[in-house]
Amino acid sequence: LSACGDREAERQAAAAAQAAVIEQEADALAKKYDSAVASSDWDMARIHGVALVSQYPQSSAAARIEPALEAVKAKAVSAREQRRMEALWDYAQVAAKGGTQRSASILSQAPVDVDGSGAKPVQLVFRDHPEWKRSSYLVLQASDFAKACYKSCSVTVVADGAPPRRMAAHRPDTDEATAMFIDDNKALWRLLRKTKVVSIEFPVKAGGTRTAVFETGGLDGSQMPGWD
């Protein structure tokens with residue numbers, strides 16, 4: 001009987017030791033999780049949190065973080081989406097007469113066929129030039145904008161599904177580039193800084209209008225000082 005009692009005590013001691021190891025390992029993961037949450041590194045927080053609740057589901061650390069884990073997963077997805085949208089923008093700084101020209105540009109979500117020759121990307125550009133000042137414009141890779149736009153025309157802008165908004169535009173009378181300026185660059189910039197998806201409908205030389213859609217939610221205002 002004494003031997004049986006000793007074995008039971010040994011078993012309980014071993015189980016307690018194993019439980020202590022599990023709690024220790026779980027706590028180590030929880031510290032990594034807490035640190036990632038504190039620094040808003042949602043991807044790492046998700047990784048550590050999922051590992052914690054799957055590897056040590058009975059631990060007190062798992063019980064503590066599990067109620068918030070779904071929210072952390074959602075934030076990780078949102079952060080990845082934000083990084084994807086940020087990567088859609090291209091920023092440039094080049095020397096120009098009087099200083100530095102800065103630009104922020106993005107290609108349309110899908111190519112657009114403006115003249116029947118096949119779909120090609122449409123580019124939207126914000127430019128800050130020391131001599132020509134600030135401007136916003138669309139650039140086509142083929143054909144041209146409607147002839148009427150050499151004087152003045154308008155584009156229709158829809159931001160995140162809101163009601164359509166007409167904005168004055170014009171096509172400079174030059175052959176240097178197939179570009180059409182959207183005259184109120186300030187309003188367009190402000191609009192893009194608070195929306196995720198913007199569509200711009202514009203008249204083309206081939207007749208009628210075409211629409212380019214841009215995923216604009218990743219626009220970084222710090223790249224264009226003074227615009228915000």
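At 222 nm, what value in deg cm²/dmol follows for the chain if DSSP H runs of at least 4 each add -39500 (n - 2.57) and the sum is divided by all its residues, to the nearest 500?
Counting only the DSSP helices, I get -13500 deg cm²/dmol.
When semi-axes √(5λ) of the Cα gyration tensor in Å is calculated directly from the model, which label among (1) 42, 17, 14; (2) 60, 18, 13; (3) 31, 19, 17 fits?
It is the value labelled (2).
Please tell me which of these pairs span more than 29 angstrom C-alpha to C-alpha: K31/K75; K73/K186; K73/K120; K147/K194; K32/K194; K133/K196?
K73/K186; K73/K120; K147/K194; K32/K194
So if I place +1 on the C-beta of Lys and Arg and -1 on the C-beta of Asp and Glu, and nothing else carries charge, what would the dipole magnitude of the stretch 31-177 be about its Cα centre? I want it in debye, nearest 20.
340 debye
What ranking, highest mean first, results for peptides 133-143, 210-220 when packing means the other Cβ atoms within 10 Å averaged over each residue?
Those peptides, ordered most packed to least, come out 210-220, 133-143.
Please list, in chain and number order, the residues 5+ apart from V114 or on another chain whose amide H is under 5 Å from its amide H, with Hs placed from the backbone.
So V114 has HN proximity to K120.
Below 11 angstrom from the Cβ of S152, what's the summed charge of the other residues (Lys, Arg +1; Asp, Glu -1)?
Once all neighbours under 11 Å are counted, the net charge is +1.
Dividing the convex hull volume of the Cα atoms of the stretch 155-206 by its residue count, what figure in Å³ per residue is obtained?
It comes to 96 Å³ per residue, whole-number rounded.
Which of the listed residues, I182, C153, G218, is farthest toward the dipole's positive end in the chain, when Lys, Arg count +1 and Asp, Glu count -1 at the beta-carbon?
Sorting the options by dipole projection puts first C153.
Just so you know, all these numbers are worked out from the coordinates, no wet-lab data involved. The shown structure was predicted, so the numbers you read here are calculated from the model rather than taken from an experiment. Please note: Cβ atoms are built from the backbone with ideal geometry, for glycine as well, and neighbour counts cover all protein chains shown.
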